[in-house]
Every structure is written in structure tokens, then in C-alpha cells.
């Protein structure tokens, strides 16, 4: 935790920035890099663009809320690293999980 889900970013290109991104995000969140998952979804735009139009990145972050200041730093770091891939627009949304609704192997997470 946190979980990052990337759309509009090619996995082979994203792979080049995930290690340093995880290091910076771990420092921001004060946790280990082993707490992060990052995955890419292949998407095909079927409305509002033409084939070959530059894509934009849409990144969903699922996590336990850490406050506005940490959220801002997290979003800035993700934007900086994904921006190195020459993607014209980067949008990020955060989904806050509730600790009492999060389970690992069928057991509730205890904080």
C-alpha cells in the first residue's frame, strides 16, 4: 500500500522510472518500497480523440489517507517522473481506503 494504477502510459516506458519513483514515494510516505504496487492498464480511447492523438496519463492511487501535504508531495513526485516520459498531460486521483475495511488474506488490517 499505496497502489498505483496507470492508464495511458506504456508499461515498457514506465518501467524505466518505477524504481526511483518508488524510492521517492517511500520517503514521502515514510514506509518501505515493498509497500507499493504499480500496474499499467492498456486502454484504447474510443471517444473524443483520433487514433494517433497523444494520450494523457490517468493515474489512480489507492491508499490510507495521509493528509493534504503528503498528497501534494506524492502527486508532484508522480507527475515529475511520469513527465520524463514526454506525456503531454498527467492526471492523478486519490482513493482513500478505510483501515477498518481493508483485509489481507481474509484478516482485517490492524493499525
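Percent of Cα-Cα pairs per 10 Å bin, from 0 to the last occupied bin, for segment 3-108, please list those. Reading the bins upward from 0: 13, 45, 29, 11, 1. Beta bridges assigned by DSSP with both partners in the chain are antiparallel in approximately 35 percent of cases.
Just so you know, all these numbers are worked out from the coordinates, no wet-lab data involved. Bear in mind that the values here come from a model prediction, so they are computed numbers and not experimental data.
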